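The values are calculated or read from the model by the stated rules, or taken from the named source; none is laboratory data. In this text the structure is predicted, and so the values were computed from the model without any measurement. Heads up, the Cβs are rebuilt from the backbone with ideal geometry, glycines too, and the neighbour counts pull from every protein chain shown. Ligands, DNA and RNA are excluded from the accessible area calculation, which covers all protein heavy atoms including side chains. Shrake-Rupley method; radii C 1.70, N 1.55, O 1.52, S 1.80 Å.
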Amino acid sequence: MSPRSKNRSPMQVLPWAAFIALSLSAPPGVWGATLRNQCPRPPVGSVVTEPADLRSHNGVLEAELRISDVPAANGSTLYCYTDAAGHESPNLRVSPGDLVILHLENDLTGASLTEPGPGSAPTNRTVGHTHAAGSTQSAADSCSGQIMSPVSTNLHFHGLTIPPVCHQDDVLNTSIQPGDRPFEYRFRIPMNEPPGLYWYHPHIHGFSKVQVLGGASGALIVEGIERADTALAGLPERVFIIRDQDLMNPNAPPSKSEPVVSKFLIDRDGDAANTGTGFGKPAKDLSINFVPVPYPDYTPATIEMRPGERQLWRVLNASAITYLNVEVLFQRVPQSLGLVAIDGVPMRPDQLTPDRSSPDQLTLDRPEAMLADEQTHLGIPPGARAEFIVNGPPQGETGLLVTRSVDTGPGGENDPNRMLAKIISSPNAPEPQSILSRSPQPLPPGTDAWLGDVPPVRVRHLYFSEKLADPNDPTSAVEFYLTVDGQQPKMFDMNSAVPDIVAQQGTVEDWIIENRSNELHDFHIHQLHFLLLDYSGVPVHENFLRDTVNVPYFNGHTLAYPSVRLRMDFRDPNLVGTFVYHCHILEHEDKGMMGSIRVDPAPR
Ligand SMILES: [Cu+2]
């Protein structure tokens, strides 16, 4: 079933130095390629506008997406997806059963890309457009994964249970080069895909962080969430995509209104290290629907609502490395957020135990664990989504959307407290562009047994760890591993045809994933959802599934490493094939923290 060749020739993952050398030797004609898109971004403090909606018609959503790049003023690179009408990062709105056809054109130039290195400040080294790494390859070549360079790209549809094959949702062999003909993605949204918020982003191993950090991401919405919870009928909905980006003002001192933080360090990835205080320079700036909220003043963007208006907020953390812990404040008082769905999966009230009227208290008290009901803040690790109800502030009052600090551990990045947007209530606020159906047909109950009730066929143990490339040299590069216990830790090897794990379709398994490092890691697996059973050894009772979960860091003092226990769902026939699981802190993934799994068909 798997299209992955067992004996394909080795993939060429071009190192940055080789890429730059190739680029610099490109013939004069390719220099100064016309920038067809400037990736325009709204100014600081702007009103937050929604991405344009691309909707399916007669069961088909067909669209063009062009990915392009442009140097930014701070030396980093902006990336953008643009549709045929020029909309940036459009929302792809589909229903279960719809056919999705996307024509992805790679317009990347590599302009301003420089060799990354811990602590190295970006320089504005223009390298121009190159086809030296392989020009105008055919669609067949785009499925061979022969070239993965900084200007290669592809798409991952995060959260969807669709086949892991080229032209659908494969990241191991799919690599599209600049100058290739537009590459066709063609897949069907499963009839049983839970309605909610999913997303798309590039996933070229080694270069995922730079493209996502530059803004290459967008929302994919499986319509019908009001069918899962008819109390949502008729609610206006808002899509808020929080991204991170390199600091606009990297050399500025913290705002004078902040307590002075004595500790300022650079971590081994070259980002501002966790101060453990909730203050200080962040590792990255954040933006909300591309409106930047830059350090040090965090001038908030503006969200307009009508007084007291109930809305469904669909929040995606599309950051490359930044954890969120969102909270809505009116007059400094945190507001209750009515949680509707996590990672695209609506809550299942019928799965709460009789003595439990809301999700688990254990994780309620732990912002990093991301869970809530009558909770006022929601931890959202990179890649995760939270959908919740917000009531607009009363007439004349202004609310705030903030992210609270997340303690990423002694080895982690600094994710301080900061504002994201002020919420202005005004009777003249524009009507939200999308409204949930007013008379939804309730979703029929699922035919599959609740994942928590299915006995696992086995238990696997995995662990996150980090190691200095040269243990005797503290300045040497850090290698990142995600290892099946008993195997030799190694950085992920794109050339290996041997999967790290083999599972069987039709089964469920329990995976216990430890964190043996001193920073948070963010476990994500493609193609499927799982149920969080234990968090740090303590049972939790969640009535929804996830595709991304934070794994707490090791503080050096506990007898056991912190862990999560996940019930992995391999029942769906769509996930037969080979795909990956990895840390969704993309600089960790790029530096090796990934593994592969092959799911074999069920025996006949
Ligand atoms: Cu990680």
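Per residue of the range 233-247, in order, report the coupling 6.51 cos²θ - 1.76 cosθ + 1.60 (Karplus, θ = phi - 60°) as ³J(HN,Hα) in whole Hz, putting x for Gly and Pro.
After applying 6.51 cos²θ - 1.76 cosθ + 1.60, I find 3, x, 6, x, 10, 10, 10, 10, 9, 8, 10, 10, 7, 4, 4 Hz.
So which of LYS209/LYS284; LYS281/LYS467; LYS281/LYS591 end up more than 19 Å apart, counting from Cα to Cα? Present the calculation step by step, with values, prior to reporting the outcome.
Values: LYS209/LYS284 12 Å; LYS281/LYS467 26 Å; LYS281/LYS591 24 Å.
Listed pairs above 19 Å: LYS281/LYS467; LYS281/LYS591.
Once the principal axes of the Cα atoms of the range 366-470 are found, what is the range along each, listed largest first in whole angstroms?
59, 46, 24
Please compute the length gained on full extension between ARG332 and ASP141, using 0.36 nm multiplied by the number of residues separating them and subtracting their Cα-Cα distance.
Values: separation 191, 0.36 × 191 = 68.76 nm, distance 5.58 nm.
Full extension from ARG332 to ASP141 adds 63.2 nm.
Quick check for you: which residues of the range 507-545 have the amide N under 14 Å from the point 7 Å beyond the Cα of ARG604 toward its beta carbon?
none
Please turn the phi angles of the range 159-169 into ³J(HN,Hα) values with the Karplus equation 6.51 cos²θ - 1.76 cosθ + 1.60 (θ = phi - 60°), one per residue in order, whole Hz, x for glycine and proline.
Values per residue, Gly and Pro as x: x, 6, 8, 10, x, x, 10, 4, 6, 10, 9 Hz.
Once the piece of chain linking THR558 and THR230 is laid out straight, how much longer is it, given 0.36 nm per residue of separation minus the C-alpha distance between them?
Values: separation 328, 0.36 × 328 = 118.08 nm, distance 4.51 nm.
In short, 113.6 nm is gained.
Hey, if you put +1 on the Cβ of every Lys and Arg and -1 on every Asp and Glu Cβ in the range 468-604, which of ALA477, LEU545, HIS584 ends up farthest toward the positive end of that dipole?
So the residue we want is LEU545.
Counting Lys +1, Arg +1, Asp -1, Glu -1, what net charge surrounds SER142 among other residues with beta carbon under 11 Å of its beta carbon?
Numbers: positive: ARG181; negative: ASP141, ASP170, ASP180, GLU184.
Neighbour charge sum, excluding SER142 itself: -3.
What is the set of long-range amide H partners of LEU235 at a cut-off below 5 Å, with H atoms built 1.01 Å from backbone N?
The answer is LEU436.
Amide H neighbours of ASP522 under 5 Å, at least 5 residues apart or on other chains, H built in the peptide plane: list them.
Here VAL551, HIS584, ILE585 satisfy the definition.
Starting from the 7 Å offset along Cα-to-Cβ, what nm value, one decimal, do you get for the label separation of SER426 and SER46?
1.7
Please grab the % of Cα pairs in the range 374-431 that end up more than 17 Å from each other. Numbers along the way, then the final one.
On the way: 898 of 1653 pairs.
The proportion of pairs with Cα distances above 17 Å equals 54 percent.
Tell me the net charge near ASP98. Cut-off is 12 Å between Cβ atoms, ASP98 excluded, with +1 for each Lys or Arg and -1 for each Asp or Glu.
Numbers: positive: ARG55, ARG93, ARG186, ARG188; negative: GLU62, GLU193, GLU223.
Local net charge: +1.
Between GLN38 and LEU265, what is the label-to-label distance in nm when each label sits 7 Å out along the Cα-to-Cβ direction?
4.2
How are the alpha carbon pair distances in the range 414-542 distributed across 5 Å bins from zero to the largest one, expressed in percent?
Going from the shortest bin to the longest, the percentages are 2, 6, 11, 14, 13, 11, 11, 10, 10, 7, 4, 2, 0, 0.
Arranged from highest to lowest average of other beta-carbon atoms within 10 Å per residue, in what order do the peptides 196-205, 165-174, 547-556, 78-87 appear?
Final packing ranking: 196-205, 165-174, 547-556, 78-87.
Provide the net charge surrounding VAL484, with neighbours chosen by a C-beta distance below 11 Å and charges set as Lys +1, Arg +1, Asp -1, Glu -1.
0
What does the convex hull of the Cα atoms of the range 229-312 come to per residue, in Å³, rounded to a whole number? Before the final figure, lay out the partial values.
On the way: hull volume 13.1 nm³, N = 84.
In the range 229-312, the Cα convex hull volume per residue is 156 Å³.
Tally up the carbon and sulfur contribution to the accessible surface of the range 418-541 as a whole percent, 1.4 Å probe, everything protein left in place. Let's see the in-between values first.
Numbers: 2910 of 5670 Å².
After summing per-atom areas, the C and S share lands at 51 percent.
Taking Rh as the Kirkwood radius computed over C-alpha pairs, what is the Stokes-Einstein D of the range 199-265 at 4 °C in a medium of viscosity 1.567 mPa s, expressed in µm² per second? Walk me through the numbers on the way to the answer.
On the way: Rh = 16.4 Å.
Estimated via Stokes-Einstein, D reaches 79 µm²/s.
Amide H of ALA384: which non-local residues (sequence gap of 5 or more, or other chain) have their own amide H closer than 5 Å, using H built in the peptide plane?
ASN317
Could you give the length gained by full extension between HIS461 and GLN487, i.e. 0.36 nm per residue of separation minus their alpha carbon distance, to one decimal place?
Values: separation 26, 0.36 × 26 = 9.36 nm, distance 1.05 nm.
Answer, rounded to one decimal: 8.3 nm.
Taking a spot 7 Å from the Cα of ARG438 along the direction of its beta carbon, which residues of the range 209-239 have an amide N less than 20 Å from it?
224-238
With viscosity set to 1.306 mPa s and temperature to 10 °C, compute the Stokes-Einstein D of the range 50-116, Rh being the Kirkwood radius across alpha carbon pairs; µm²/s, no decimals. The partial results should precede the final answer.
On the way: Rh = 13.4 Å.
It diffuses with D of about 118 µm²/s by this estimate.
Based on the Cα gyration tensor of the range 473-604, what are the three equivalent ellipsoid semi-axes, each the root of five times an eigenvalue, rounded to whole Å and given largest first? Walk me through the intermediate numbers first.
Numbers: eigenvalues 124, 82, 28 Å².
The three semi-axes for the range 473-604 are 25, 20, 12 Å.
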